[in-house]
Structures are given as structure tokens and as C-alpha cells.
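K.L.:
This is the structure I have questions about; it appears just below.
The values are calculated or read from the model by the stated rules, or taken from the named source; none is laboratory data. This one's a predicted model, so the numbers in the text were calculated from it and none came from an experiment. Cβ placement follows ideal geometry from the backbone for every residue including glycine, while neighbour counts extend to all protein chains displayed. To get the accessible areas, we keep the full protein, side chains included, count just its heavy atoms, and leave off ligands, DNA and RNA. Shrake-Rupley method; radii C 1.70, N 1.55, O 1.52, S 1.80 Å.
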Amino acid sequence: MKIKQYTEDNEQAALWNGRAGRAWVDAQESLDRLFTPFEHLLVNEVRTAHGRRVLDVGCGTGATTLAIARALGTEGGCTGADISEPMIAVARARAGREGAPASFVCGDVQRHPFEPASFDMIVSRFGVMFFDSPVQAFSNLLNAAKGGAKLRAIAWRGAAENPFMTTAERAAAPLLPNLPARKPGAPGQFAFADRDRVASILEESGWAGVDIRPIDVECTLPESDLKGYITRLGPVGLVLQDETDERRRAQVVATVRAAFEPYVRGSEVRFTAACWMIGAEAPAA
């Protein structure tokens, strides 16, 4: 089923096939560098669990999918799934250039007809917080998992624990009255902030052995990438894409850039990402 059929009634599909998806494609190299520590964590999880047929949920432009595929080599393969056609197109091109044992599915993971019991491990790097029906999504993933398959997903904890991630909107709010407010629990970056809610979603979906533990990960970004981060990504970046008043746009960028100064260390931007490592297991067949 084509993604376009979902865009009229699925805000996330419309977003990731529109401005947000294009922005992540444009910022691919910068984001890959920023999130490399999480990529390493998931590769290690796959190795520890001896995964061979791996599904990467919300794979974006494919960095984690490809890293896992490289680690598996001829012993397995990794399939990336994402709702964003622009990002999947980039991921497929990257896999083609590498000749990696990776494939990609462009579809809504909540509904996509994955082959039953086809994966022995399911992973995600910041891809599970955007479901409009998370129980349906994790139930569908459970159907795609073999008995005993492992689930390992990384998601953000709360906004209060991740001040770097809200710096731009806090600084820009007085200048951008149309800046949308984040809705607690709604699909988005911090949708999985509540550990009890996440555990309840997984248990209701049929997953067993739920284990959700906090992880704090040091992240770095070249200072030279910060302006692009401000102007393309997150709520402020999306609003600035539509800002036609160049004077106000420049004022917002300057104000937000100044707000990030506490995180700048010479040629790098450094911050701690407060996340969950979400673990579960598919019941034995």
C-alpha cells in the first residue's frame, strides 16, 4: 500500500513525507555523526543477542541498518522500515553503493504486512515514538518476530531531562508566536518519556520480559553544523522553512544560536542525551 494513502489522516506520514523528511535527508551526514553512539549501542545489542535476521524500525536514511548489515556480513541481513519515501530512497541508494546485505521497506510499520515470524531481532534508534497507535504497531512487530526474538529500541526520556533538545524552541518562542507546542504523550520525540506507559504498551501488545532502563549518552556535533541544525530540524527548523521575512528569520537564528552557547566547546557542540534502552522478548512459539 502506498504511503500517500495514509497522508490525509496520518499527521506523521504527512510530516515525514514532506518537510521533516526532506530536512533529515539534507542533514543526513550531520545526523549520522550526531547519533553514531546509538548506532554502536544497537550493533552491540545485535551481536550480544546473536541476531541474524534483523528489522530496523524507523530506519530513516539507513545508517543503523547499514551498520548492522556490515556487522552481520554474510551471516545475516538487516531490513530497514520507515514511513518516509524520501529517506528510504536515500537509504536504498546508500545500500546499493556499499553492496551491503541490507534491504528497505517503505511502509507504515503499524500496518505493514511483514512476513510472519521472519525476524529474530527487532531494533530501533529513535523510530518508535511516532506511532499514532503504538499498541497496534508493537502487535504487528510481534507478529513479524520469531518466538524468542529480542526487541531493543532506543527512545528519548522526557523533555526536562533533555534540555539541549528544547533549547531552540525555548529561545525562539518569543519571536515565533506560531511555534507549535509539544503535546505530552502525542506522537513525537518525547512520546515515550513515561516508562510505565511504555511498559504497558509492550505488555498489551503481547511482548514479554519487558526491561526499560535509562541510558545517558554523550553526543557531539561539529559547531559548523549547528546553524543547519537550527534552521532545518525540530519545531523551530520546520517553522523557519516557511518563514519569508528574512529579517525575522535572521533574528531567530541569531537568538537561537546564542542560546546554544553553553553547549559549545571549541569546534564541537556537546550534550548528554537522556534516553531509554527498551528491551523485550517475543514469547516462545
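K.L.:
Once the Cα atoms of helix 246-259 and of the chain are each reduced to a long axis, what angle between those two axes, in degrees from 0 to 90 to the nearest 10, is obtained?
P.N.:
70
K.L.:
Okay, next question. Full-extension gain between MET165 and ARG22, please, as 0.36 nm times their residue separation minus the C-alpha to C-alpha distance.
P.N.:
Extending this stretch completely gives an extra 49.5 nm.
K.L.:
Moving to a separate point now. Enter the accessible area per residue of the chain (Å², integer; probe 1.4 Å; all protein chains in place).
P.N.:
45
K.L.:
Suppose each label sits 7 Å from its Cα in the direction of the beta carbon; what would the GLU203-ASP245 distance come out to in nanometres?
P.N.:
Inter-label distance under the simple model: 5.1 nm.
K.L.:
Could you look at region 162-210 and say what percent of its accessible area is carbon and sulfur, using a 1.4 Å probe and all protein chains?
P.N.:
Carbon with sulfur: 54 percent of the solvent-accessible area.
K.L.:
Still on this structure, please answer the following. Relative contact order, percent, of region 120-276 when contacts are C-alpha pairs under 8 Å separated by at least 6 residues?
P.N.:
With pairs under 8 Å counted, the relative contact order is 31 percent.
K.L.:
In the chain, with Lys and Arg counted as +1 and Asp and Glu as -1 at Cβ, which of these residues, PRO187, TYR263, CYS275, has the Cα nearest the positive end of the dipole, that is, farthest along it?
P.N.:
TYR263
K.L.:
Place the peptides 204-215, 171-182, 80-91 in order of packing, highest mean first, counting for every residue the other Cβ atoms within 10 Å and averaging per peptide.
P.N.:
By packing density, highest mean first, the sequence is 80-91, 204-215, 171-182.
K.L.:
Here's something else I'd like to know. Kindly rank 60-68, 227-235 from highest to lowest mean number of other beta carbons found within 10 Å of each residue. Provide the component values of the computation, followed by the final result.
P.N.:
Working: 60-68: 26.9, 227-235: 19.6.
Top of the packing list down: 60-68, 227-235.
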